[in-house]
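A short write-up of the structure that comes next.
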Amino acid sequence: MNKVRDNILVENTLKGDVNAFEELVSSYQGRILNFLSKMTAAREDAEEITQEVFIKVYNNLYKYNSKWSFSTWIYRIAVNTLRSEYRKVKKAKDIDYYASIPELPASFSDYPDIAYEIKEKRVEIIKIIDQLKEDQKTALLLRCMQDFSFSEIGDILGISPEAAKMKIQRAKQTVIRKYEELQERGKVK
Amino acid sequence: MKCNLSLEDIIKYTENQLSDEDNKRIREHLQSCEKCRRQYGVLNFTESYAKESIPVSESVKKNIMEAIDVSRYSKEKKFLGGRLNRAMPVIKPVLAAAAVFVLVFSVATNYDNLRGLVSNNGSVGGVISSPGISPQNTNAGLATPDATDSETQQPVEKKTITVYYGNSNADGVVAEKREVEVGKESQIERVIFEELQKTPKTDGLHSTIPTGTKLISVVTDGGICTLDLSKEFVDNSPGGTAGEAMTLYSIINSLTELPDINKVQFMIEGQKQEVYIHAVFDEPFGRNEGIIKTQDVNATDITEESLKNLEENNKNSIQAIKEKDMKKLAEIVHPVKGVRFSAYSHIDTGSDLVFTKEQLPSLLESEVVYAWGAYDGTGDPIKLTFAQYYDKFVYDRDFAKAEKVGFNKIQQEGNTIVNIKEVYPEGKFFDFYFSGFNPDYEGLDWASLRLVFEEYNGQWYLVCIAHGQWTI
């Protein structure tokens with residue numbers, strides 16, 4: 001996220017340079033789509049909302065307050081668009097969705113035994129994440145995927161940095177606890 | 001095996017929030033504790049899952065670029081939305097005496113001719129550089145002056161300029177609007193510079209130009225305004241980094257209010273200097289919005305009696321609005337300016353509707369469908385009768401019982417620019433604010449109703465009812 005570059009692109013867009021906007025789209029579409037596809041159940045919904053987010057960004061760009069960094073602004077629009085579209089989109093991820101989740105490289109963990117175990121259970125963990133309360137899930141994903149600070153996440157969600165931190169903390173605790181429960185039950189069987 | 005680590009420790013470990021020593025302790029512990037290793041692993045997995053990107057199909061960008069109006073911000077198209085946020089408060093032709101309107105318009109048109117500019121030049125970026133003076137709410141279909149009017153050259157024109165003076169804390173500059181006369185032969189840049197040397201109208205502000213400074217020449221070319229100043233500018237500078245910054249940005253910000261100036265280059269007696277006193281001086285300076293302050297809202301620029309009248313009228317307004325008593329409300333509406341209705345925080349002098357106090361009483365019964373600007377986000381026109389608009393964008397919450405009422409201070413800004421102070425620099429406003437209704441929304445459903453008042457013949461009158469909410 002390059003703030004200076006973003007601001008130049010915003011400025012140029014507002015001067016009528018559509019290519020500058022196209023560049024903004026190129027640099028943010030992957031991140032926004034990634035976020036939205038994890039928040040929604042269907043790829044088509046995620047793509048559609050992504051498009052809608054960028055159209056809103058464009059139409060409202062003149063109101064963008066440069067006190068905000070562009071990246072928090074666009075995520076805030078994404079979160080809000082998602083909320084307003086929530087009624088329309090498919091909610092529950094189905095079997096197909098989980099079946100199509102690609103395998104992660106095992107390198108995510110330094111400990112091979114655990115990496116192996118978790119890889120086996122990855123669909124279960126993703127289901128646990130999906131079952132989190134929406135605001136916790138949003139905060140968790142923003143934190144993990146973008147390395148946003150607590151105060152930036154607070155800005156995106158319209159809450160205080162402390163509240164954002166708390167949500168992320170809760171989300172992480174829940175995921176771990178639920179996974180532990182799952183693992184315990186597996187043992188008994 | 002005994003485990004004395006908490007889940008919090010593991011979380012902090014993954015977030016790199018611990019000291020080196022603690023990190024080491026945990027790393028060692030993980031070797032031997034499967035439970036903690038598992039917790040750590042789940043957190044690692046969550047992070048990689050979140051980061052793992054998915055390919056974006058080409059069609060996403062294609063669809064976006066096809067859906068947007070590519071000429072929305074182009075020079076050719078007059079986009080009224082965001083331009084000239086800080087344009088002078090424009091009087092709506094609907095209610096202004098026609099003569100006043102014609103005057104304002106023709107002056108501005110002359111200004112354009114004079115400077116060889118098109119009125120809607122490309123400076124749409126109201127956020128960063130805001131052009132100063134040209135009217136924008138020339139609603140189609142309303143009386144526009146004869147073309148011949150605008151071609152008539154007048155020897156002296158009246159113009160509104162925005163100049164920035166130093167504040168008393170010496171940490172910022174504050175805008176003041178002035179009406180000045182610009183002769184046919186004189187340069188607007190010079191007029192602004194001379195204005196900056198005068199004593200400001202507002203208490204607590206001061207001129208930042210070192211005494212005795214003379215403006216030798218001024219030339220604007222390619223967006224850069226070059227000022228050649230006499231040596232007093234350096235010799236009599238009060239010194240200090242802060243004072244210096246105020247001097248420079250008082251000049252730079254005032255000049256960059258002009259639509260065709262983006263940067264300012266300083267010269268001293270015909271020479272470029274490497275440094276002023278502290279600041280690097282051999283390159284042109286851009287505008288600095290950060291240094292602009294607003295006047296202290298509680299400054300004693302209003303007498304106790306006047307304040308009482310303001311508060312009284314505010315109380316009566318919100319009550320009348322709640323009771324839908326338009327007759328009562330009309331009594332408080334500005335007799336000349338009428339009252340503007342703004343659907344969103346960002347007041348749009350181009351598309352917001354303004355009604356006179358005479359029109360107001362019968363409006364709730366009116367069947368006429370008005371265009372109230374555009375819905376935030378979609379950009380679709382808001383087409384509603386007055387009564388429908390009222391329920392949606394005026395009194396959609398019980399603002400009379402607001403959680404908080406701010407005076408001249410915005411309670412919640414959202415991510416759009418609240419431009420009340422730019423549009424109504426002389427006005428005072430009350431912000432009736434709710435922080436949110438549904439706890440699930442975490443405050444994203446905050447709502448505000450802002451009532452803006454202006455003084456006229458010693459009384460405070462309602463000039464704007466602006467609705468604020470998180471929208472896009």
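So the values come out like this:
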read-out	value
Bins of 10 Å from zero: percent of alpha-carbon pairs in region B:304-469	10, 42, 38, 10, 1
Buried solvent-accessible surface, both chains (A, B), 1.4 Å probe, Å² to nearest 100	6800 Å²
Heavy-atom surface of chain A, accessible at 1.4 Å and reported per residue (Å²)	44 Å²
Simple Cβ-charge dipole of region A:130-189, Lys/Arg +1 and Asp/Glu -1, about Cα centre, in debye nearest 20	420 debye
Charged-residue dipole, Cβ positions (Lys, Arg, Asp, Glu), region B:156-293 about Cα centre, Debye nearest 20	300 debye
Solvent-accessible surface ranking, highest first, for B:R25, A:R185 at 1.4 angstrom	A:R185, B:R25
Computed Rg/Rh of region A:63-136, alpha carbon atoms with Kirkwood Rh	1.11
Cα convex hull volume per residue for region A:1-57 (Å³)	72 Å³
Under 12 Å from the Cα of B:K184 - aspartates and glutamates, other chains or at least 8 residues apart	B:E157
For B:F281, residues with placed amide H under 5 Å, excluding near neighbours	B:V275, B:Y276
Shape metrics for region A:1-99, restricted to C-alpha atoms - Rg then Dmax, Å	14.5, 47
Solvent-accessible heavy-atom area per residue, rounded to whole Å², over region B:304-469 at 1.4 Å	42 Å²
Viscosity 1.567 mPa s, temperature 4 °C, Stokes-Einstein D of region B:156-293 from Kirkwood C-alpha radius, µm²/s	87 µm²/s
Spatial extent of chain A: Rg and Dmax, with the Cα atoms as the point set, Å	18.4, 66
Average beta carbon contacts from partner chains per residue of A:31-42, 10 Å cutoff	2
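The values are calculated or read from the model by the stated rules, or taken from the named source; none is laboratory data. Computed from a prediction, not measured in an experiment: that's the story for all the values here. Quick reminder, even Gly has a Cβ in these numbers, built from the backbone with ideal geometry, and neighbours come from all protein chains shown. In case anyone asks, the SASA skips ligands and DNA or RNA and just uses the protein heavy atoms, side chains included. Shrake-Rupley method; radii C 1.70, N 1.55, O 1.52, S 1.80 Å.
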